[in-house]
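Quick notes on the structure that follows.
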Amino acid sequence: MGQDITCLITNENIELDKSIVHFSIKQLTFIPFNTSCDLGIEEAKNFDLLSDYILHLESKDSFDHYLYNRDNDHCDMDIFKIVKDYRIESFIIEHSYDWADMLVEYYFMQVQDGRILKNSLVYDDSERSKSNKANIQEAKKNLGLHFNWLDRTDLFYSYYHADRAYTLQHAK
């Protein structure tokens, strides 16, 4: 079995509800999600502003239907509801799924000061996505992410590993 994890990572100082699985590492907040569906970030290429993208998502389905639940699967609506609720304006979303050390799925998105950086969007095997992969390390560096968080398999092997680690940390 391979690594399968999706994470919203921000350098903003936010106070998340304790029911939300999250970790503070090197002045960054990591919020893992148990994604079971396509993240749908391909649609973000049509928007310049995060606020417009969120309005678009809300026009498809009310955010009121998406109440964060640690035990359920998550989708893009769950992620962007947290972004909206906590007014997160600068972040990356990274999803990595591998099987037998072979990358099967990879998604990436960067938002900086409420602007969607389209040259960071990776969502499929198109030429555009492939060329955008060259910008990922720069996007991470701009956020202050100077280590490979995916190497922290003690926390980020899968959402279930993250949830267990979070539970153990807060049981003390």
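Readers should treat all values here as calculations from the given coordinates under stated rules, not as data from a laboratory. These numbers were taken from a predicted model, which means no experiment stands behind them. Counting neighbours? That spans all protein chains shown, and the Cβs are built from the backbone with ideal geometry, glycine included.
Details
- Label-point separation in nm, TYR160 to GLN137, each point 7 Å along Cα→Cβ: 3.4
- Scattering from the range 69-172 was approximated by placing one identical point on each alpha carbon and applying the Debye formula without solvent; log10 I(q)/I(0) at 0.21, 0.22 1/Å stands at -1.40, -1.46.
- Helices in the chain, meaning DSSP H runs of at least 4 residues, each add -39500 (n - 2.57). Divided by all residues, the mean residue ellipticity at 222 nm is -8000 deg cm²/dmol.
- Each Lys and Arg contributes +1 and each Asp and Glu -1, all at the Cβ; summed about the Cα centre of the chain, the dipole is approximately 600 debye.
- Whole-number percent relative contact order across the range 4-170, with pairs defined as alpha carbons under 8 Å at least 6 apart: 26
- Ordering of 90-103, 129-142 by packing is 90-103, 129-142, highest average first (other Cβ atoms within 10 Å, averaged per residue).
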